[in-house]
Amino acid sequence: MATSYVEYRELTKRFGSTQILHGINLQIEESEFVVLVGPSGCGKSTLLRMTAGLETINSGEISIADRVVNRVRAKDRGIAMVFQSYALYPHMTVADNLSFGLKMNKTPLERITKSIASAASILKLSQLLKRLPAQLSGGQRQRVAMGRALVREPEVFLFDEPLSNLDAKLRVGMRAEIKALHQRLKTTTIYVTHDQIEAMTMADRVVVMNDGRIEQVGAPLEIYDRPENLFVADFLGSPAMNLLSGKVVHNDGRMDFELENGIQLPLPDNSALRSDQQIIYGIRPEHVAFTDDDNGLPVNLTLVEPAGWETHLHADLSGISLRLLSVERVGARPGDSARLAVDTSKLHLFDPTTGRRI
Amino acid sequence: MNRQMTRTEESTLRPEPGILQDWLGRYRRFFLIGLPLAFLIIWTMVPILWAFLASLKNPLEIYESSTFFPRSPSLAAYQTVLAIDGFGKWIFNSVLVTAVATIVPLILSILAAYGFARYLFAFRHVLLLLYLIPRIIPRVSLIVPLNDLMTDLGLINTYWVLYLTYIASAVPLSTWILVGFFRAVPREIEESATIDGANMWNRLRHVILPIAWPGVVTAAVLCIREGWNEFAFVLALVTETGMRTLPYALYMLKDSMGVQNYAVYNAFTILTVLPLLIVYLLLERRVVESIVSGAVK
């Protein structure tokens, strides 16, 4: 049975009068890869830095391996951290960068040599050991930063937006490398990013944060398929979910959703909704499709963005903008008329007052 | 042939520039950079060169305004200077006081600058500004109170009076220089070292100082220059001949010699300036690096 390895209990953080974290509660299991994701300023990096011991804790507790570490120094927490800017020591060679932590902890020379050789071999750095960071590419520097974390043999890896400084192609490669490394070492990992693709592809569990609070925790697809509130629904997914305001109406014994412009969209048969109830009608762009059915929603296409493997489209539904995503090649052009069908089995309905899922 | 064609093609694409424009364009670099630099070098070097050439002249030859180069160069003036009773002691005094007035301020200001650059404490901005006060107040205005104070403390005519005043004067300067360099070291690098297990001393020694080394060298050069050239304090606080430093001894040379021997004055000047020039030349590359990096950051 998996045990809770890192645990946050009612954790708060203030910078002056600004409350950054509002009572965070979270349990991370051993060997788990957890991604903290959220917009800038949501408190995810602060939470990670508090875990590392780089920020003080105002109240609450952090425990690592069943030991409360609130007052434990960073070096004694059993963590290693990879920073966004790599934070390599620019005046030291790769070998010295890797060995610095071990030297500081008075590790015997023999073990240092062995650890460096092992980390360099795993991260393909063996040929670069005598180089200075300035002589390395972005990807190589990132690998050195990971190697420096690796040689410490930590109980928990902390990654603070480690791929943000890399170009798109390299980022995809490094993403796979980090994931592969985790699968090999099985070290508990907390990874902070604002990139939802990183979150979705790397995490065992995703923690969506906003404004210093946890909005939802779950497996990537679970969160994607069943967002618990409007924020998560809007934040996860690119292009973002269509969120339409309107009310529930009765039509010949069945329920429909009526937009503010009077157009009606279908609702699932079994939904337990009241007539005239105000709701937010959420539908992901990939769940809206073109149809030949004359009963389909009449729209005008306003923008067509072919991305190669998929096409993003924007359509105007009598003054309301809809986003669509098609994995098929689309021959349509802006200005063309079309009819759309909504997959009612994939709808997400939210209460506009509380923002909660209905 | 090819080149000819290319030029013709270019000329059809662009309007023909005027001869003056063409000439200005070609020599733009020279006018903007070369000429001011040449002027600066001449401005700086001519007095030193003039003093050096004068030191090689016959004492009477200096009064002949028509000669720039010595007719029969001689090192006699240097022999005279080296033979002056107490010259060795003055060099020793200058070296000793400058060394102390460089090493001690550097140690103090490295620690102070690290504190200012990295720790958040109340009134840190005000305190850093207060650090500048000794540099803002005219040195001459400090002489009388300092003289009174040092007399009361019984330190007049001791090395301590020079150590204390020189150090107090150098610390603000080097602290201000180092604060800028330390702040430029990314905080994440230091945090990384913290996680790696480095305490404050180890972070300072193994991470901050090596990265900010050009700044330390710059501060050191300025401390050396200040200490070596200092005149007002030594003039006011030292009266014994054996306690003089080179600038003070040079100032007193006229009185001690009785006759106006400009060759000897200039030889003394050159011998006073020479050690500083050697230090500059040795550290020049580091200083330039630091100035450039400081400008970019």
So which residues in the range A:300-316 are over 18 Å from A:Lys346 (Cβ atoms), touching a residue at least 12 places away in the same chain (Cβ under 8 Å) and out of contact with any Asp or Glu (no Cβ under 6 Å at 6 or more places or on another chain)?
A:Leu303, A:Val304, A:Pro306, A:Trp309, A:Thr311, A:His314, A:Asp316
Of the residues in the range A:67-91, those that are more than 8 Å from chain B (Cβ to nearest Cβ), assigned to a helix (DSSP H, G or I) and open to solvent by less than 50 Å² (accessible area, probe 1.4 Å) come to none
Tell me, please, whether a residue that is assigned to a helix (DSSP H, G or I), surrounded by fewer than 17 Cβ atoms within 10 Å (Cβ to Cβ) and of a type outside the set (Phe, Trp, Tyr) can be found in the range A:57-66.
no
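Could you check the range B:15-92 for helices (runs of 4 or more DSSP H) lying wholly inside it with 1 or more residues that are under 32 Å from the mean Cα position of the chain (by Cα) and modelled with pLDDT of 80 or more? Break it down into steps so the answer makes sense when it comes.
Values: elements: B:19-26, B:35-55, B:76-83.
Answer list for the range B:15-92: B:35-55, B:76-83.
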Do any helices (runs of 4 or more DSSP H) entirely within the range B:129-219 hold 2 or more residues that are within 14 Å of chain A (Cβ to nearest Cβ), and if so, which?
B:159-184, B:187-195
Sole residue being over 23 Å from A:Pro352 (Cβ atoms), open to solvent by 60 Å² or more (accessible area, probe 1.4 Å) and modelled with pLDDT under 90, chosen from A:Gly296, A:Gly253:
A:Gly253
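Which is outside any helix (DSSP H, G or I), open to solvent by 70 Å² or more (accessible area, probe 1.4 Å) and out of contact with any Phe, Trp or Tyr (no Cβ under 6 Å at 6 or more places or on another chain), of A:Lys114, A:Lys130? Give the derivation first.
Values: A:Lys114 fails: outside any helix (DSSP H, G or I).
Of A:Lys114, A:Lys130, the one residue that is outside any helix (DSSP H, G or I), open to solvent by 70 Å² or more (accessible area, probe 1.4 Å) and out of contact with any Phe, Trp or Tyr (no Cβ under 6 Å at 6 or more places or on another chain) is A:Lys130.
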Qualifying positions in the range A:32-56 - within 14 Å of another protein chain (Cβ to nearest Cβ) and either open to solvent by 10 Å² or more (accessible area, probe 1.4 Å) or within 15 Å of the chain's Cα centre (by Cα) (or both)
A:Ser45, A:Thr46, A:Leu48, A:Arg49, A:Gly53, A:Leu54, A:Glu55, A:Thr56
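The values are calculated or read from the model by the stated rules, or taken from the named source; none is laboratory data. Please read these numbers as outputs of a predicted model, since none were measured by experiment. Glycine gets a Cβ as well: all are built from the backbone with ideal geometry, and neighbour counts include every protein chain shown. Ligands, DNA and RNA are excluded from the accessible area calculation, which covers all protein heavy atoms including side chains. Shrake-Rupley method; radii C 1.70, N 1.55, O 1.52, S 1.80 Å.
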